[in-house]
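Q: Below is a structure I'd like to ask you about.
The values are calculated or read from the model by the stated rules, or taken from the named source; none is laboratory data. As the structure is a prediction and not an experimental result, all values here were calculated from the model. Here the Cβ is made from the backbone with ideal geometry for all residues, glycine too, and neighbour counts use every protein chain on show. Heads up: the accessible areas ignore ligands, DNA and RNA and are worked out on the full protein's heavy atoms, side chains in. Shrake-Rupley method; radii C 1.70, N 1.55, O 1.52, S 1.80 Å.
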Amino acid sequence: MKQIHSYWAYIAVLILIFAFINAVLGMVKKKSFTDKDLRISLFALIVMHIQLLIGLGWYFMSPWFKALKDVGMGEAMKDAQLRLFAVEHPTMMILGIVFITIGWSKHKKKTTDIGKFKTIMVFYGIGLFFVLSRMPWKQWLGL
């Protein structure tokens, strides 16, 4: 499960970055929000939600969750690595996906192309920031 979560993360982050850049370029170039743009944003949303489900499955099977249960939240917060994997990473990933989901929902209510691109750009950008902020980079990149 851990390997699936890690490998799917590469796909999820790349597609999220692509959707964010697409929204930035669409806004800057004042493009029309086409079906292609809609699909890119939707695909990023779906891939991130799949990653969330895989991540939640892995989380409850992980040694980090067991350690958190064993030592308690107070002790977990004193251990930087345990805090990252058991608290910070899951919390920030969930927040990131919440912002992406809000962005998807809000963009549908916008009536202008710029409004759609801007909404996707802002909310997917915040989501991307949260995701990138608490990625376990050393483990993920094999450092």
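Q: Mind checking the log10 I(q)/I(0) for the range 27-106 at q = 0.19, 0.20 Å⁻¹? Debye, one equal scatterer per Cα, no solvent, two decimals.
A: Rounded to two decimals, the profile gives -0.84, -0.89.
Q: So, one more: Given an 8 Å cut-off on Cα distances and at least 6 residues of separation, report the relative contact order of the range 2-86 as a percent. List each step's numbers first, then the result.
A: Numbers: 41 pairs, mean separation 25.8, N = 85.
Relative CO of the range 2-86 lands at 30 percent.
Q: Okay, moving on. Rounded to the nearest whole Å², what accessible area per residue is found for the chain with the 1.4 Å probe? Before the final figure, lay out the partial values.
A: On the way: 8320 Å² over 143 residues.
Using a 1.4 Å probe on heavy atoms only, each residue of the chain averages 58 Å².
Q: Moving on. How far, in degrees from 0 to 90, does helix 113-133 lean away from the longest principal axis of the Cα atoms of the chain, to the nearest 10?
A: The two axes meet at around 20 degrees.
Q: Right, next: Compare K36, K109, K69 by solvent-accessible area with a 1.4 Å probe and give them largest first, with all protein chains kept in place. Don't jump to the answer; show the numbers that get you there.
A: Values: K36 105, K109 160, K69 135 Å².
Of K36, K109, K69, the descending order of accessible area is K109, K69, K36.
Q: Return one quarter of the surface area of the convex hull spanned by the alpha-carbon atoms of the chain, equal to its mean projected area, in nm². Provide the component values of the computation, followed by the final result.
A: Working: hull surface 35.5 nm².
So the mean shadow area of the Cα hull is 8.9 nm².
Q: How much solvent-accessible surface does Y59 expose, in Å² to the nearest 10, with a 1.4 Å probe and all protein chains in place?
A: Answer for Y59: close to 40 Å² accessible.
Q: Helix 89-107 versus the longest principal axis of the chain: what is the Cα-based angle in degrees, 0 to 90, to the nearest 10?
A: Once rounded, the angle reads 20 degrees.
Q: Longer than 29 Å from Cα to Cα, which of K2/K118; K66/K106; K30/K138; K108/K138; K31/K106 are they? Say none if no pair is.
A: Details: K2/K118 35 Å; K66/K106 38 Å; K30/K138 39 Å; K108/K138 37 Å; K31/K106 19 Å.
With Cα atoms farther than 29 Å apart: K2/K118; K66/K106; K30/K138; K108/K138.
Q: Apply the Karplus parameterisation 6.51 cos²θ - 1.76 cosθ + 1.60, with θ equal to phi minus 60°, to every residue of the range 63-69 and state each ³J(HN,Hα) to the nearest whole Hz, in sequence, with x for glycine and proline.
A: x, 5, 5, 4, 5, 4, 5
Q: Subtract the Cα-Cα distance of L56 and I11 from 0.36 nm times their separation in residues, and report this length gain in nm to one decimal.
A: Working: separation 45, 0.36 × 45 = 16.20 nm, distance 1.72 nm.
Taking L56 through I11 to full extension adds about 14.5 nm, to one decimal.
Q: If you don't mind, another one. If I take R0 = 22 Å and measure r between the Cβ atoms of A67 and F129 in this structure, what FRET efficiency does the formula 1/(1 + (r/R0)^6) give, to the nearest 0.05? Walk me through the intermediate numbers first.
A: Details: r = 28 Å, r/R0 = 1.25.
Efficiency for this residue pair is about 0.20.
Q: While we're looking at this one, here's another question. Among A76, A44, A23, which one shows the highest mean-square fluctuation when the chain is modelled as a Gaussian network with alpha-carbon springs under 10 Å?
A: A76
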